[in-house]
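Q: First the structure, which I've put down as structure tokens, then a few questions once you've had a look.
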Amino acid sequence: MSNYTFTFKKDNIFVDFSTTDREVVERQFRIWVDSASDFVKAHPSKTKTQKTEQPPIQPVAERKAAEAPVVTAPIKEEIPAPAAAEVVKEAVEEAKVEAIKESQPEETAEVFEKASSLLKTINSIQDETDESKRIEPAVETADFGAVLEKSIENPTFEPSRVKDQVFLNLINSKETMDKFHYLMITAFYLSEFEKMERFSLKQINAKLMHNMSEVIDHSMLQEAINQNFIELVPDLTGVSEVGEYRLTPAGEDFFANKI
Amino acid sequence: MYVNTERKGGIMQHEYVFKMKKGDIEIELKSDDLEFVEQQLNKWREDIMQKG
């Protein structure tokens, strides 16, 4: 059995009528709605005096609908009551139209006045914003030189801390901690992976330092040269300031089979 | 809100609950006498609507 509840609120008075008798609810609902509609027609001045409580700018139709007596009929189960719903809708629409007709000339002027003052405010804010934008470029230009000078004096550059995982994997694959082996592995890596035809001791140490915090001194490089694993590349130009080296076939064999 | 219904002699009996609250005052009327309840509804409706 469905239950029907009809509630009515006016000022501080709250009426609640509940029953399972659908016809009675429909009948009473219609009667109360009609009465509410008549009340609104008979007391338009009451809706006017309540305008000060409303927000400064609000569409007239919405405001009058909000001030009209509230009539609700929540139905707990989904059983259609089309007659009742239509009555409510008609009453509310009628109340809206009547309220608008009664008060439109005065309310319209007031709304226009408020809209116009709001527009003036918006325009004044926009003008101030435009002015501040005109000033800003000049300020930025003046500061740029100072900013540049400051950044030169206090460089914030930091070298990359990203390690070469491929190189590290190669090192780890040999499972060695011998520095001579590190030299040979690095030489092989620069030759084969980074496709360098020649490399310097500085480049070898850069790779080792960045990834493993290790360095090779020149004596160890000389040892590799003595064993014919690495050879010095002749400087045909005569202008090179650093010695450059390359991995020999024997060095490749050492890397592949001896480490 | 609750409503009791029961069948008496094969006819569905409805119960009607009318509640009214004004400020802190709340009254409730419960009955299965529809005529009586509707009279009360009409009376209170006129009373409320007259208080403009």
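Q: A:Val242 versus (1) assigned to a helix (DSSP H, G or I); (2) among the aliphatic types (A, V, I, L, M); (3) surrounded by fewer than 16 Cβ atoms within 10 Å (Cβ to Cβ): which is the lone unmet condition?
A: For A:Val242, the failing item is (1).
Q: From the list A:Met177, A:Met184, pick out the single residue that is surrounded by fewer than 14 Cβ atoms within 10 Å (Cβ to Cβ) and modelled with pLDDT of 85 or more.
A: Result: A:Met177 is the single residue among A:Met177, A:Met184 that is surrounded by fewer than 14 Cβ atoms within 10 Å (Cβ to Cβ) and modelled with pLDDT of 85 or more.
Q: Right, next: When the residues of the stretch A:1-34 are narrowed to those that are more than 8 Å from every other protein chain (Cβ to nearest Cβ), within 20 Å of B:Asp32 (Cα to Cα) and buried (at least 20 other Cβ atoms within 10 Å of the Cβ), which ends up modelled with the lowest pLDDT?
A: A:Phe6
Q: Now for a different question. Kindly indicate which of A:Leu201, A:Leu221, A:Leu232 is free of Cβ contacts under 8 Å to residues at least 24 places away in the same chain and touching a helix residue (DSSP H, G or I) at 6+ places or on another chain (Cβ under 8 Å).
A: Just a single option satisfies the conditions, and that option is A:Leu232.
Q: Can you pull out the residues in the stretch A:196-245 that are small (Gly, Ala, Ser) and within 21 Å of A:Val162 (Cβ to Cβ)?
A: A:Ala206, A:Ser213
The values are calculated or read from the model by the stated rules, or taken from the named source; none is laboratory data. In this text the structure is predicted, and so the values were computed from the model without any measurement. No Cβ is skipped: glycine too gets one built from the backbone with ideal geometry, and neighbour counts run over all protein chains shown.
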